Amino acid sequence: MTKFPELVFSGMQPTHTLHLGNYLGAMVNWIAMQETHSCIYCVVDLHAITIFQDPKELTRNIREVTATYLACGLDPKRSIIFNQSQVHEHAELAWVFNCVARMGWLNRMTQFKEKAGKDRENASTGLFVYPNLMAADILAYKATHVPVGEDQKQHLELSRDIAQKFNNDFAGSIAAHGHGDAFFPLPEPMITGPATRVMSLRDGTRKMSKSEESDMTRINLTDDADTIAKKIKKAKTDPEPLPSETKGLEKRPEADNLVGIYAALAATTREAVLKDFGGAQFSTFKPALAELAVTKLAPIAAEMRRLLADPGHIDAVLADGAERARAIAGPIMNDVKDVVGLLRTAG
Ligand code: ATP
Ligand code: MG
């Protein structure tokens with residue numbers, strides 16, 4: 001089997017300010033992976049428009065999410081940081097994948113069902129083929145590792161299926177063009193840490209999301225100390241004190257969520273948190289959690305404010321990242337065209 005050099009790719013949608021779930025489920029791992037891997041981190045604006053976005057707000061959100069990346073510690077010198085729509089190979093490869101992926105595969109995607117809701121006939125076709133664009137994001141660079149939250153596991157499996165089917169369908173042409181026995185790697189999801197699925201503060205069975213209507217369901221990375229304290233104070237819980245062991249969190253989704261958030265913020269385990277707080281009431285635990293969250297998030301919010309005061313700098317980071325991204329994706333897209341048999345007469 002063809003060997004592919006390790007390369008990390010991941011992205012977030014500029015649909016709203018990033019929240020604690022994005023930070024703990026994905027960003028913390030993104031930052032760590034910069035130490036060991038070449039990384040490409042994208043602001044996936046083409047994904048965002050699968051649900052209508054106000055144009056002015058979208059532009060603002062693209063800059064804001066970029067500022068969050070930088071404020072959290074992504075280094076634009078070490079990693080490639082850019083917004084998706086500036087590298088047309090994403091959309092181009094997504095079209096090829098629209099023709100590789102099967103309707104049956106996409107019909108199984110739970111994110112589409114959740115986001116389309118009851119009125120499926122009225123969802124955009126972009127929302128339906130979202131996972132094909134996600135596969136293109138990753139495979140336009142032949143990326144091998146994708147750090148994401150747990151909710152993206154199914155889409156990553158679909159990306160692997162698409163890569164595999166492309167490799168099979170075009171096996172003869174792939175070999176004839178000198179690419180060996182596989183053109184694309186099968187990208188691996190990296191879903192790690194104590195908070196791979198942070199839940200809504202108002203409902204322990206729903207994931208914390210940018211697109212959730214109520215702001216009380218999530219902690220945004222820009223929330224001030226009072227807002228964070230208020231949201232945690234109002235977070236749904238049950239009347240029992242915290243257990244001393246993790247087994248006691250079973251069937252208590254809200255308690256489990258808050259303990260998981262504490263563990264992730266303190267870079268420790270649920271077990272260690274319960275060692276300290278076992279037997280405590282939420283009236284004791286919640287203020288401690290709020291204080292920890294403020295300590296961790298306040299510096300990020302302050303740095304974001306500083307960065308957003310200079311949009312020119314943010315745009316320059318994105319321009320540089322897009323140029324470096326294109327330098328990788330362009331030749332791969334040309335190879336895809338050759339493999340598929342799409343005639344190229346220029347360049
Ligand atoms: P939207 O509601 O617009 O889909 P989102 O909150 O789901 O927004 P995305 O931009 O879709 O955020 O996802 C960015 C990254 O954050 C992905 O890797 C995703 O898996 C991760 N992520 C999103 N929500 C959570 C969560 N609640 N817990 C852990 N990781 C999450
Ligand atoms: Mg999402």
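The values are calculated or read from the model by the stated rules, or taken from the named source; none is laboratory data. No experiment lies behind these values; they were computed from the predicted model shown. Reconstructed Cβ throughout: ideal geometry from the backbone, glycine too, with neighbour counts over all protein chains shown. Please note that ligands, DNA and RNA were not included when accessible areas were found on the heavy atoms of the full protein model with its side chains. Shrake-Rupley method; radii C 1.70, N 1.55, O 1.52, S 1.80 Å.
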At R0 = 51 Å, how high is the FRET efficiency between TRP105 and THR284 if r is their beta carbon distance? Nearest 0.05 is fine.
0.60
Please give me, ordered by residue number, the trypsin sites (Lys or Arg not before Pro) of the stretch 110-159 that lie in loop per DSSP and have at most 15 other Cβ atoms within 10 Å.
LYS118
Two-site label geometry, ARG197 and LEU343: point separation in nm, points 7 Å out along Cα→Cβ
5.1
So, counting K/R as plus one and D/E as minus one, what does the shell of residues with Cβ under 10 Å around HIS19 add up to?
-1
Distance in Å, no decimals, from the C-alpha centre of the stretch 98-125 to the one of the stretch 136-198 is 20
Rounded D (µm²/s) - the chain, Kirkwood Rh over Cα pairs, Stokes-Einstein at 10 °C, 1.306 mPa s:
74
Net lengthening on full extension, LYS153/ALA225 (0.36 nm per residue, minus Cα-Cα)
22.6 nm
Expressed as a whole number of Å, what is the distance separating the alpha-carbon centroids of the stretch 282-347 and the stretch 27-91?
2
Taking the Cβ of VAL339 as the center, what net charge do the other residues with Cβ under 15 Å away carry, scoring Lys and Arg +1 and Asp and Glu -1?
-2
Residue-normalised accessible area of the chain, given per residue in Å² at a 1.4 Å probe:
47
Per the helix-only model, the chain has a calculated mean residue ellipticity at 222 nm (DSSP H runs of ≥4, -39500 (n - 2.57) each, divided over all residues, rounded to the nearest 500) of -16000 deg cm²/dmol
Using only C-alpha positions, report the orientation-averaged shadow area of the convex hull of the stretch 114-194, nm², one decimal.
6.7
Given an 8 Å cut-off on Cα distances and at least 6 residues of separation, report the relative contact order of the stretch 109-211 as a percent.
26
Taking only the Cα atoms of the stretch 174-241, how large is their convex hull per residue, in Å³?
181
In degrees rounded to 10, the 0-90 angle between helix 282-308 Cα long axis and the longest Cα principal axis of the chain is 40
Leaving out same-chain residues fewer than 8 places away, which aspartates and glutamates sit with a Cα under 16 Å from that of LYS251?
ASP203, ASP238, GLU240
In the structure shown, of LYS142/LYS210; LYS56/LYS115; LYS210/LYS247; LYS230/LYS286; LYS210/LYS231, the pairs separated by more than 20 angstrom at the C-alpha atoms are LYS142/LYS210; LYS56/LYS115; LYS210/LYS247
State which stretch of the chain is the longest one without any exposed GluC sites (Glu not before Pro), exposure meaning a DSSP loop state and at most 16 other Cβ atoms within 10 Å.
36-212
Where labels lie 7 Å past Cα in the beta-carbon direction, separation of ARG60 and LYS165 in nm
4.0
Percent antiparallel among DSSP beta bridges confined to the chain, nearest 5, equals 15
Using only the alpha-carbon atoms, how far is helix 253-265 inclined from the longest principal axis of the chain? Give it as 0 to 90 degrees, nearest 10.
80
For the stretch 129-196, give the percent of accessible area contributed by carbon and sulfur heavy atoms, probe 1.4 Å, rounded to a whole number.
50
According to a simple spin-label model (label point 7 Å from Cα along Cα-to-Cβ), what is the distance in nm between ASP238 and THR269?
2.3
Pull out a ≥ b ≥ c, the square roots of the eigenvalues of the alpha-carbon gyration tensor of the stretch 274-347, then state rounded if a/c is under 1.5, prolate if not and a/b is larger than b/c, and oblate in the remaining case.
oblate
